[in-house]
Amino acid sequence: MIKKRYINRLRVAPGKKVRLADYPTSWAEIKELKEAGKEAVRKRADEVLDASRASLAGAQELLYASDMYSVLIILQGMDTAGKDGTIKHVMSGVNPQGCRVTSFKVPTSEENDHNFLWRYSKALPARGEIGVFNRSYYEDVLVVRVHPEILEGQQLPPGKRGNRFWNARYEDIVGFEQHLARNGTLILKFFLHISKDEQKRRLEERLENQEKFWKFSLSDLAERQYWDQYQKAYEMMLSRSSTDYAPWYIIPADNKWAARTLVADTISTGIQKLDLSYPEISPEGMQELEKARVQLMTE
């Protein structure tokens, strides 16, 4: 388990104005870890990741058996930040029957005929389940804010699209998450914080490795030209929507192994705090179980 003080550094306090330049993108930017050395940090990270995955598998069974809470995990980040890989490595030990990953693409015409939260509501996890959103309703205050022309296709009533409009969207999102939390959804949100240099390196790697050609998209390169605008949009997102019941964690993502370890530990710890237990069996139920045991033994 990672020391609480490290995780607290990554958690965005409610109402805090975020400046991404103040947050590390690499483990080596954290003084204590740098002094420990990469080999020691990497070894410890692998140990924590393995322990967290094992813990998560056990916690998932309790989550399903208790049938009281659901868990919603949100991953946001620039292209190549490692969202897919994080899901693959962190959730590899859970039962697929109790976990669903949803990736959201460009809205369909049907989805645009509803409010912007509608398509996300349909994908929410049921009680006892873990849901992972690979991108989420936050895209509507990120990519839509960087490219406001997208609003033209959302069939919205006429009106100005200034600060009041975006403030209202944040109010809708925060209210939506508060409603979910009040009804038993544990919400954990992770912003995978990657540097511009590291994104360039990963894009170049995709172009140099034939097995990764399929991952490359010209749209990734096009969106990179809006890097500064996206950073501002992310800062606003983190500042306006981190709450006690749905906190944001800014995860250093230049080193994939470090990012995966931090996400896995935070999820595992978060579910453990729910203090779940298996349902109690009534005396009558115990009698029925004993009858069933005797019947099987006498066959």
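Every number here is computed from the coordinates shown, using simple stated rules; none is lab data. As the structure is a computational prediction, the values presented were derived from the model and not from experiment. Because the Cβ atoms are built from the backbone with ideal geometry, glycine has one as well, and the counts that use them run over all protein chains shown.
Compared with the dominant principal axis of the Cα atoms in the chain, helix 163-182 is inclined by about 10°. Against the main long axis of the alpha-carbon atoms of the chain, helix 283-297 sits at an angle near 70°.
What label, among [x] 68, 43, 40; [y] 75, 44, 41; [z] 73, 54, 42, belongs to Cα extents along the principal axes in Å computed from the structure on display? Here Cα extents along the principal axes in Å agrees with entry [z]. Considering only L186, L289, L75, the Gaussian network model of the chain with Cα springs below 10 Å gives its largest mean-square fluctuation to L289.
Think of region 4-297 as a dipole: +1 on every Lys or Arg Cβ, -1 on every Asp or Glu Cβ, centred on the Cα centre; then among W227, S241, C99, W227 lies furthest on the positive end.
Taking all Cα pairs closer than 8 Å and separated by 6 or more residues, the relative contact order of the chain comes to 35 percent. Listed from fewest to most Cβ neighbours within 10 Å, the set D84, D228, D22 follows the order D22, D228, D84.
So what is the 222 nm mean residue ellipticity for the chain from helices alone, if each DSSP H run of at least 4 adds -39500 (n - 2.57) and you divide by all residues, rounding to the nearest 500 deg cm²/dmol? Computed ellipticity for the chain at 222 nm equals -15500 deg cm²/dmol. When the chain is treated as a GNM, springs tying every alpha-carbon pair under 10 Å, which of L63, L180, L151 comes out with the largest mean-square fluctuation? Per the Cα network of the chain with a 10 Å cutoff, L151 tops the list. When both bridge partners sit in region 4-297, DSSP labels roughly 5% of those beta bridges antiparallel. Counting beta carbons within 10 Å around each of W227, W248 and listing the fewest first gives the order W227, W248. Panel order for K256, K122, by other beta carbons found within 10 Å of each beta carbon, from fewest to most: K122, K256.
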